[in-house]
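To keep things clear, I will list the structure first and then write my remarks on it.
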Amino acid sequence: MWHNFRMPSKSRAEHEPLVVTKNLCRTYGRIRALQNLNLSLRRGEILGLLGPNGAGKTTAIHILLGLLAATSGEASVLGLSPFKERHQIAKRVNFSSAYVQLPSNLKVMENLTLYAKLYGVPNSPSKIQELLELFEITHLRNRITGSLSAGEKTRLGLIKCLLNDPLLLLLDEPTVSLDPEMADTVRKILKRIQRERNMGILYTSHNMPEVQEMCDRILFIHQGRTITEGLPGDILKAFESQTLEQVFIKIVRSGDLISP
Ligand SMILES: Nc1ncnc2c1ncn2[C@@H]1O[C@H](COP(=O)(O)OP(=O)(O)O)[C@@H](O)[C@H]1O
Ligand SMILES: [Mg+2]
């Protein structure tokens with residue numbers, strides 16, 4: 001009688017669906033970047049979107065951000081259409097990628113103030129200060145953004161994406177340019193904030209131990225198609241592997257063999 005089961009409203013809000021896609025497809029000319037992607041992400045959950053270079057991860061994130069239209073299929077973010085209702089969604093969603101930088105000619109503080117204003121953050125100076133301290137870059141507040149190291153820019157990007165207290169974070173390879181110690185610090189901060197605020201996070205990374213540490217669930221795509229989805233432990237069992245690294249290699253090598 002599962003279909004009759006009704007969760008109490010508090011618990012329903014705690015686990016409310018943030019992202020749902022149904023048979024989402026995207027082509028670029030003859031390239032099929034996404035083929036029938038069915039993705040779901042709830043509050044309080046970190047979903048690892050995995051796959052080799054060119055698998056379609058960034059394309060999926062750009063569709064969810066409303067930056068790119070789907071070729072077919074449906075996507076809903078916070079119950080709204082990301083492409084048509086982007087501005088409403090933007091209040092409660094944010095995005096960070098090591099590959100997307102903030103305006104490089106502005107100072108760190110100018111950038112954060114600008115974004116805080118764009119997001120309408122109440123009491124923004126104290127919010128900015130709190131996040132600068134959390135990510136340990138308070139001393140860089142008057143530096144020109146373009147002069148920061150890759151790791152410093154990454155941390156700045158993460159601060160920017162937390163300014164509006166998002167319900168949903170889309171993180172595209174957030175730790176890629178960080179040294180192992182800083183990557184560990186950033187993971188711990190993200191995990192803590194995610195738990196405190198019961199956020200949902202869509203997380204892409206090529207660092208498999210990191211995925212194992214961070215993600216509650218995994219969706220693995222290759223050449224735009226879903227290969228496997230589930231709890232990390234179940235995926236390890238299904239692929240008779242000890243680590244996600246082994247699973248990754250198995251999927252990509254066998255996928256290459258069967259793909260046209
Ligand atoms: N603007 C674009 N024009 C043409 N092809 C693109 C474009 N963006 C991505 N692609 C192609 O779509 C596929 C998926 O790319 P992407 O979503 O960036 O993968 P990932 O983020 O998993 O590395 C790749 O084959 C890529 O070359
Ligand atoms: Mg990418």
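Roughly speaking, to the nearest percent, how much of segment 15-84's 1.4 Å accessible area is carbon and sulfur?
On segment 15-84, the fraction of accessible area on carbon and sulfur atoms equals 49 percent.
Tell me the angle of helix 180-197 to the major Cα principal axis of the chain, expressed in degrees between 0 and 90 and rounded to the nearest ten.
For 180-197 against the chain, the angle is about 90 degrees.
Just want the answer: with Cβ charges of +1 for Lys and Arg and -1 for Asp and Glu, which residue in 166, 183, 151 is farthest toward the dipole's positive end in segment 85-232?
166
What accessible area per residue comes out for segment 1-149, rounded to a whole number of Å², with a 1.4 Å probe?
About 57 Å² of surface per residue is accessible.
How big is Rg to Rh over the chain, alpha-carbon atoms, Rh as the Kirkwood inverse-mean-distance radius?
Rg/Rh for the chain comes to 0.97.
Within the set of other residues whose C-beta is less than 13 Å from the C-beta of residue 36, count the net charge using Lys and Arg as +1 and Asp and Glu as -1.
Spelling it out: positives minus negatives among the neighbours equals +2.
Which angle from 0 to 90°, rounded to the nearest 10, does the C-alpha axis of helix 124-134 make with the longest principal axis of the chain?
Taking Cα atoms only, the helix is inclined about 70 degrees.
Under the rule a/c < 1.5 gives rounded, and otherwise a/b versus b/c splits prolate from oblate, where does segment 8-106 land using the Cα gyration tensor?
Oblate shape, in that a/c is at least 1.5 and b/c is the bigger or equal ratio.
Using a simple charge model, +1 on the beta-carbon of Lys and Arg, -1 on the beta-carbon of Asp and Glu, nothing else, what dipole does segment 44-136 show about its Cα centre, in debye to the nearest 20?
280
For the chain, find the longest principal axis of its Cα atoms and tell me its angle to the long axis of helix 108-119, 0 to 90°, nearest 10.
It is inclined by approximately 60 degrees.
Placing +1 at every Lys and Arg Cβ and -1 at every Asp and Glu Cβ, with all other atoms neutral, what dipole size does segment 1-159 have around its Cα centre, in debye to the nearest 20?
The calculation lands at about 360 debye.
Starting from segment 88-157, pick out the chymotrypsin sites (Phe, Trp or Tyr not before Pro) whose DSSP state is loop and whose Cβ has at most 15 other Cβ atoms within 10 Å.
99
Sort segment 109-260 into rounded, prolate or oblate with this rule: let a ≥ b ≥ c be the square roots of the eigenvalues of the Cα gyration tensor; rounded if a/c is under 1.5, and if a/c is not under 1.5, prolate when a/b is larger than b/c, oblate otherwise.
Because a/c hits 1.5 or more and a/b exceeds b/c, segment 109-260 counts as prolate.
About its Cα centre, what dipole magnitude does segment 106-260 give when the only charges are +1 on Lys and Arg Cβ and -1 on Asp and Glu Cβ, stated in debye to the nearest 20?
440
Take the alpha carbon gyration tensor of segment 118-197, find the square roots of its eigenvalues, order them as a ≥ b ≥ c, and report rounded if a/c is under 1.5; if not, report prolate when a/b exceeds b/c, else oblate.
The shape class here is oblate.
Output the antiparallel fraction of DSSP beta bridges having both residues in the chain, as a percent to the nearest 5.
Approximately 55 percent, going by the DSSP bridge assignments.
Which net charge results for the neighbourhood of residue 104, defined as the other residues with beta-carbon distances under 15 angstrom from its beta-carbon, given Lys and Arg at +1 and Asp and Glu at -1?
It works out to a net charge of +2.
In what order, largest first, do 249, 137 sit by accessible area if the probe radius is 1.4 Å?
249, 137
Return the loop-located GluC sites (Glu not before Pro) in segment 187-242 (DSSP other than H, G, I, E, B) with at most 16 other Cβ atoms within 10 Å of their own Cβ; answer none if there are none.
For GluC sites (Glu not before Pro) across segment 187-242 that sit outside H, G, I, E and B with at most 16 neighbouring Cβ atoms in 10 Å, the list reads 240.
Filter the cross-link list 57/84; 153/191; 22/237; 107/160; 57/237 down to pairs whose alpha-carbon distance in this structure exceeds 18 Å.
57/84; 153/191; 22/237; 57/237
Keeping every protein chain present and rolling a 1.4 Å probe, give me the accessible area per residue for segment 190-260 in Å².
That works out to 52 Å² for each residue.
Using the Cα centre of segment 1-127 as origin and beta-carbon charges of +1 (Lys, Arg) and -1 (Asp, Glu), tell me which of 33, 121, 83 is placed farthest towards the positive end of the dipole.
Positive-most Cα among the choices belongs to 83.
Roll a 1.4 angstrom probe over the protein heavy atoms and tell me the percent of accessible area of segment 115-226 that is carbon or sulfur.
51
The values are calculated or read from the model by the stated rules, or taken from the named source; none is laboratory data. For clarity, every value in this text was computed on a predicted model and none was experimentally measured. For neighbour counting, all protein chains shown are included, and Cβ atoms are generated from backbone atoms with ideal geometry for every residue, glycine included. For accessibility, only protein heavy atoms count, side chains too; no ligands or nucleic acids. Shrake-Rupley method; radii C 1.70, N 1.55, O 1.52, S 1.80 Å.
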